[in-house]
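What follows draws every value from the coordinates through simple rules; no lab data is involved. Note that this is a predicted model, so its numbers are computed, not measured. Please note: Cβ atoms are built from the backbone with ideal geometry, for glycine as well, and neighbour counts cover all protein chains shown.
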Amino acid sequence: MSVRRRLCVMFSLGVLSSGMLGCSVENVGTPADGTNTSAPALTPSSGEPSRVQVDGSSTVKMITAAVGEEFEGKFSDVKIALKVTGTGTGFKEMIAGRIDVANASRPIKDSEKADCEKNGIDLLELIVALDGLTVCVNKDNDWVESITVDQLKRIWEPGSTVKTWQDVDASWPDVPISLFGPGEESGTFDFFTEAINGKEDAMREDYSPSADDNVTITGVSGEKGGMGFFGCAYYYSNTDKVKALKVSTTDNPGDGVGPTAESVKAGKYKPLSRPLFIYVKKSSLARQEVQDFVRFYLNEGQNQVSAVGYVDVSDDQLKASRDAFEAAIR
Amino acid sequence: MSSAGSDTPTSHRLISAPVSFVSGADRSIRRRLFLSRVFSWICRFVTYASLAVLIVLLTAIIWSSFGRLAFDFVYSTNSSNPKNAGMLAGLWGSFWLVLFTALFSIPVGVGSAVYLEEIAKDSFFVRLIKTNLSNLAGVPSIVYGILGYTVFRSAAAVLKVWFDGQHAFNIMGLFRLRLHKLPIYEDNILVGALTLTLVVLPTVIASAQESLRSVPSSLRVASLALGATRWQTIWRQVIPAALPGISTGVILSTSRAIGEAAPLIMLGALTITTMVPGNIDSPVKLITRPMQVLHAPLDQFTAMPIEIYDWSRQTDSQFTAVAATGIIVLLIVLLSINAVAMIVRHYASRRLKW
């Protein structure tokens, strides 16, 4: 009795589950019929939105997320699948052919380009925004407004012996200097070390690294002698907490330029301005949804760049990007 | 309990007896009593200190989420506008993850515990497994993330290639099962759940072992003496007796899986998305959309801790409130799971008498 009941339950579970699987169960007429798979081609289940796979930089993701949200509002049958693993990992995913668009806060390296070519992946490089890395100090710091690249180098270079502000400039007070910044996994770190210390990844060891730029801001605002650097979007939304320094490429600090949207756009904020990129897999552009998304990114989506705190690219640059895109889809 | 109660007056007499005539011993006893009191105060302080930290943390979180927590937070998906950001995608992602983590870890975990405690003979190999289990419980979850990436995700990629070319399956030559073609993603919920299973499995096994060990051996002996086989003894006596402990351990360790972000990010979980797995965004659709229910485990996902992590890193300081609200929702989910554990424990232990 009990065995029969159990069999009964198992059978009904089986039927139920095959029903749940959403598949049609049919009798196989003849064994030969099994090979006949000329059944009508089954299309993806209805209402399933197509997706654009995006991965990469945490800096660029803020723009891509905002653009993607606006895009999804207009193209309701497309979804943006956005991951944030960092520029380097984003390129790795691109090399592996898993994504359509890679967010990048630095240009692609030659080695990465070579790997892409090896896998037959052709990339379209588009500059979508500009960023001015901002060097910030504490609000109570009243002795420095502008700093030279050389002074920055003396503070941040590997093996630097600078312990107090006085060590940098004799006229500055004897306040201990405490340094904050992103960790070495970050594209911002790569760019800063290259621009200031002349060599990528060359950085003094005794600063406080953090993957979260909000932690850097909290650190700088908590120490009178604090100093840190991060993308300008973080500065623009925290102007009440930290003070941005002007940066001068000459020996005269008076020549310093601040990280304003105008100076970054005009290319005057040197050497800490950088372009932000998206890299699009050219073969993915054959898909309508990817094409729509990239076109949207370069047109209506550009409104989002300043909205999330980055700097618009110049009109010429934008036109060049649009032309490159149109050439790629032709 | 009753024997300890009757002991107390005797032990009191034993301590106080020498006090009256040996003054050296008196000092020593006073010192020892003082130390004992100090120790109990230290214990009390440590307990209340951690409680105070917890209260401070909770107050800070509730404070910063003030005015943000509303029902639309769990009805809407993520947004780059802090006013519209919601947790729907993360909630559903975590739901599916925990569901499948439980489905995978319960049979494997309880089965292994039963084998190790009830069936296996005490051999070198078994001792090796037992020792390694406790070591595995201490492995950081990101390591399991790497393992999951290389094993499960690669397997899913292979499966995807195979599955994409397949439209119909013959089942034992009797039926042809025709599957509607489903989009499969290699960074899907099953891959995430399998990885989380690895994370929680050592804890599940350990807690199940512990509760099996607490079942009195007289129960097993009596059952065997009455002619029951080992299978009958385990299935009808030992496991029901250990069930409260096993279920509590399983539920608590599965709820740990909800808080894991690192291995999921490693596997390639989405960071920012408005997509809900299988497009099932309400419990009703679990019943009305069987096709989508089938699709959900093979879909891309995000999870609650990933969304919280991302919000806390946003530039806009308004996202602090969003992150705090996310934490509160996560806490509510965790507390409800723990409440379920308590209820299960209560009902399962009601039947037990020995």
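Specify the residue with the greatest mean-square fluctuation among B:322, B:56, B:110, computed from a Gaussian network of chain B linking alpha-carbon atoms under 10 Å apart. Among B:322, B:56, B:110, the largest GNM mean-square fluctuation belongs to B:56. Shape verdict for the stretch A:134-271, please, from the Cα gyration tensor: rounded (a/c under 1.5), prolate (a/b greater than b/c) or oblate. Judged from the Cα gyration tensor, the stretch A:134-271 comes out rounded (a/c under 1.5). For helix B:189-213, what angle does its Cα long axis make with the longest principal axis of chain B, in degrees from 0 to 90 and rounded to 10? Helix B:189-213 sits roughly 20 degrees off the main axis of chain B. The Cα center of the stretch A:252-330 and the Cα center of the stretch B:306-324 differ in position by 25 Å. Per residue of B:268-278, other chain Cβ atoms within 10 Å of the residue Cβ number 6 on average. Distance from the Cα centroid of the stretch A:225-242 to that of the stretch B:75-147 is 40 Å (rounded to whole angstrom).
Scanning chain A for helices, which whole DSSP H stretches are 18 Å or more long along the axis (Cα) and average 0.5 or more by Kyte-Doolittle? Passing helices, by number: A:2-20.
Ordering B:346, B:295 by the number of other Cβ atoms within 10 Å of each residue's own Cβ, fewest first, gives B:346, B:295. How big is the antiparallel share of DSSP beta bridges in the protein assembly as shown, given as a percent to the nearest 5? Around 65 percent of the beta bridges assigned by DSSP in the protein assembly as shown are antiparallel ones.
Stretched out straight at 0.36 nm per residue, the stretch from residue B:52 to residue B:40 would grow longer than its current Cα-Cα span by 2.5 nm.
Computed from Cα atoms, the angle from the helix B:88-114 axis to the main principal axis of chain B rounds to 60 degrees.
Based on C-alpha pairs under 8 angstrom that are at least 6 apart in sequence, the stretch B:65-350 has a relative contact order of 29 percent.
In chain B, the inverse of the mean reciprocal separation of distinct Cα atoms equals 24.5 Å; this is its Kirkwood hydrodynamic radius.
Per the Debye formula on identical point scatterers at the alpha carbon atoms of chain A, with no solvent, log10 I(q)/I(0) at q = 0.06, 0.09, 0.16 Å⁻¹ is -0.32, -0.59, -1.30. State which entries of A:282/B:83; A:319/B:83; A:109/A:224; A:92/A:163; A:92/B:160 exceed 30 angstrom in Cα-Cα distance in the structure shown. Pairs exceeding the cut-off: A:282/B:83; A:319/B:83; A:109/A:224; A:92/A:163. Is the C-alpha gyration tensor of the stretch A:193-325 telling us rounded, prolate or oblate? Criteria: a/c under 1.5 is rounded; beyond that, a/b larger than b/c is prolate, otherwise oblate. In terms of gyration-tensor shape, prolate. In the stretch A:134-271, Cα pairs under 8 Å separated by at least six residues give a relative contact order of 35 percent.
Projected label points at residue B:225 and residue B:146, each 7 Å from Cα along the beta carbon direction, are separated by 5.4 nanometres. Across peptide B:290-303, the mean count of Cβ atoms from other chains lying within 10 Å of each residue's own Cβ comes to 3.
Using the Cβ-Cβ distance between residue A:316 and residue A:212 with R0 = 41 Å, the FRET efficiency computed as 1/(1 + (r/R0)^6) comes to roughly 0.70. In this label model, residue B:335 and residue A:153 are separated by 5.8 nm, measuring between points 7 Å along each Cα→Cβ vector. Shape class of the protein assembly as shown from the Cα gyration tensor (axes a ≥ b ≥ c, square roots of the eigenvalues): oblate, since a/c reaches 1.5 or more and a/b does not exceed b/c. Look at the stretch B:314-320: the mean tally of other chain Cβ atoms within 10 Å of its residues' Cβ atoms is 6. By how many degrees, between 0 and 90 and to the nearest 10, does the Cα long axis of helix B:239-258 differ from the longest principal axis of chain B? Helix B:239-258 sits at roughly 60 degrees to that axis.
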